[in-house]
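Here is the structure we will look at, set down as structure tokens.
No lab work stands behind these numbers, since they all come straight from the coordinates. All figures in this text were calculated on a predicted structure; none of them were measured in a lab. Cβ sites come from the backbone with ideal geometry, for glycine too, and all protein chains shown count toward neighbours.
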Amino acid sequence: MSIIGTLFIGLIVGLVARFLKPGDDSMGWILTILLGIGGSLAATYGGQALGIYEAGETAGFIGAVVGAILLLIVVGLVRRD
């Protein structure tokens, strides 16, 4: 998948992760989308590098959603005062 395709999937993943993650997020939509893109990039290239799945498999999308949710949780914990 091209980098543009990965970024587009990351945008969708960020929105799905925000919908699936319980709790009140004080971060805006732009940060959520950026974290989705980060989760998508990490899951796509990390999963392929580890040989967990091949490019274009459904597991990559699921992995990206899980990665984005984890990033949302970590950022939410770090940003708490």
Listed peptides 11-19, 33-41 by packing density, highest first (mean Cβ within 10 Å): 33-41, 11-19
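Summing -39500 (n - 2.57) over the DSSP H runs of n ≥ 4 in the chain and dividing by its residue number, what mean residue ellipticity at 222 nm do you reach, to the nearest 500 deg cm²/dmol?
-26500 deg cm²/dmol
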Mean separation of Cα contacts under 8 Å (6+ apart) over length of the chain, as relative contact order %: 37 percent
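Reported to two decimal places, what Rg/Rh ratio describes the chain when computed on Cα atoms with Rh from the Kirkwood expression?
0.99
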Helix axis angle, 29-50 relative to the chain longest principal axis, alpha carbon, degrees: 30 degrees
Nearest 10 degrees, 0 to 90: helix 58-79 Cα axis against the chain principal axis: 30 degrees
Protection proxy ranking, peptides 47-53, 66-72, average beta carbon neighbours within 10 Å, highest first: 66-72, 47-53
